[in-house]
1. Could you give every pair whose Cβ atoms fall below 8 Å, whose first residue belongs to region 182-198 and is charged (D, E, K, R), and whose second residue is part of a helix (DSSP H, G or I) and surrounded by 11 or more Cβ atoms within 10 Å (Cβ to Cβ), counting only separations of at least 6 or pairs across chains?
2. Within region 63-70, does at least one residue satisfy the condition of being buried (at least 16 other Cβ atoms within 10 Å of the Cβ), at pLDDT 95 or above and not charged (D, E, K, R)?
3. Report, by residue number, each residue of region 121-138 that is in contact (Cβ under 8 Å) with a residue 60 or more places away in the chain and in contact with a strand residue (DSSP E or B) (Cβ under 8 Å, 6 or more places away or on another chain).
4. Residues that are among the hydrophobic types (A, V, I, L, M, F, W, C), touching a helix residue (DSSP H, G or I) at 6+ places or on another chain (Cβ under 8 Å) and touching a residue at least 24 places away in the same chain (Cβ under 8 Å), at least 1 per element: which strands (runs of 3 or more DSSP E) completely within region 1-120 meet that?
5. Taking only region 24-53 into account, find how many residues are in contact with a His (Cβ under 9 Å, 6 or more places away or on another chain) and within 20 Å of ALA87 (Cα to Cα).
6. Can you name the number of the only condition in (1) crowded, with 19+ Cβ neighbours inside 10 Å; (2) touching a strand residue (DSSP E or B) at 6+ places or on another chain (Cβ under 8 Å) that GLN146 fails?
7. Take region 143-156 and flag every residue that is within 16 Å of THR106 (Cβ to Cβ) and under 25 Å from the mean Cα position of the chain (by Cα).
8. Restricted to region 151-181, and to residues that are in contact (Cβ under 8 Å) with a residue 40 or more places away in the chain and of a type in the set (Val, Ile, Thr), which residue is farthest from THR51 (Cα to Cα)?
Amino acid sequence: MPTSEKLQWLLDREEIFDLVRSERFARDQGEFDRLAALYTPDSRVRVSWFTGTGKAFADASRAVLASGLISKHLVVPMKVEISGNRALVESYGQVQSRDTVGGALTDLVAHCRFYSRVRRTAQGWRLASFDCIYQRDELKAVNPAQALPIDWTRLAELRPSYCFLIAIAEARGYRIDHELPGDDRPDLVAALYREGAAWLSTDEIGPE
C-alpha cells in the first residue's frame with residue numbers, strides 16, 4: 001500500500017475509533033443531541049431493550065435516564081474494515097449498571113461486542129448501525145452477605161449470554177428481544193457478519 005493510502009487509512013481508522021468511543025460517552029453522559037448527531041438519519045440501533053433509528057435511540061435513552069436507571073459503558077475499538085466510504089467496526093464492550101433488585105443493591109456487568117456499520121458523510125464518519133453481540137453477564141450484590149432475590153428456575157430458561165440483563169429489564173417492564181446475536185447463538189452472529197460484509201461491498205460514488 002502506498003504511503004499516502006496508508007496514512008489516509010490510519011486517519012480514517014482513528015476517526016472511526018473516536019466515533020465509537022464518542023457515541024458511548026455521549027450516551028453515558030446524557031449528551032443526547034450529540035448522540036443523535038453521531039448517527040445517520042436512516043441508521044438502525046438494535047440492543048436488548050430497543051430497536052429503531054439512532055435518533056429514536058437517543059430519545060429513548062433520555063427517557064431511561066430520566067427514570068433513574070443509570071448505566072455506563074466500556075468500549076475498546078479492536079477491528080475496522082474500510083472500503084471506500086463505508087466501514088465495519090467491532091469493539092470489546094461492557095454494560096455496567098447499579099440497581100436495586102428486590103431490596104438488594106446490585107451491580108450488573110454484561111460482557112459483549114459492539115458491531116457497527118459506518119458511513120463517510122459530509123460531516124465525517126457516522127454510524128449507520130449499532131448491534132450488540134452478547135457474550136455473558138453477571139450479577140453481584142454490593143453487600144456480599146446479602147442474597148440475590150433471583151428466580152433461578154426462570155433464569156435457567158433464559159439465554160445464557162444475557163440472562164441477568166433480560167430478567168432485570170423485564171422486571172422493570174421493558175420488552176426484551178430474546179433473539180439477538182450472542183456467543184450462545186453463533187448462527188445469529190454469522191448472519192450479522194454476512195449482512196455487514198455484503199453492505200461493505202456495495203459500491204458508492206462518494207461521501208453521502
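1. If the second residue must be part of a helix (DSSP H, G or I) and surrounded by 11 or more Cβ atoms within 10 Å (Cβ to Cβ), the pairs left are ASP183/VAL189.
2. Checking region 63-70: not a single residue is buried (at least 16 other Cβ atoms within 10 Å of the Cβ), at pLDDT 95 or above and not charged (D, E, K, R).
3. Those that are in contact (Cβ under 8 Å) with a residue 60 or more places away in the chain and in contact with a strand residue (DSSP E or B) (Cβ under 8 Å, 6 or more places away or on another chain): THR121, TRP125, ARG126, LEU127, ALA128, SER129, PHE130, ASP131, CYS132, TYR134.
4. On the way: elements: 39-47, 50-52, 71-83, 86-101.
Strands (runs of 3 or more DSSP E) meeting the threshold: 39-47, 71-83, 86-101.
5. Matching residues across region 24-53 total 1.
6. (1)
7. So the first thing to find is which residues in region 143-156 are within 16 Å of THR106 (Cβ to Cβ), and the list is 143-152, 155.
Result: LEU155, single match.
8. ILE168
The values are calculated or read from the model by the stated rules, or taken from the named source; none is laboratory data. All of these numbers come straight from a predicted model, not from anything done at the bench. FYI the Cβ positions are ideal-geometry reconstructions off the backbone, even for glycines, and counts take in every protein chain you see.
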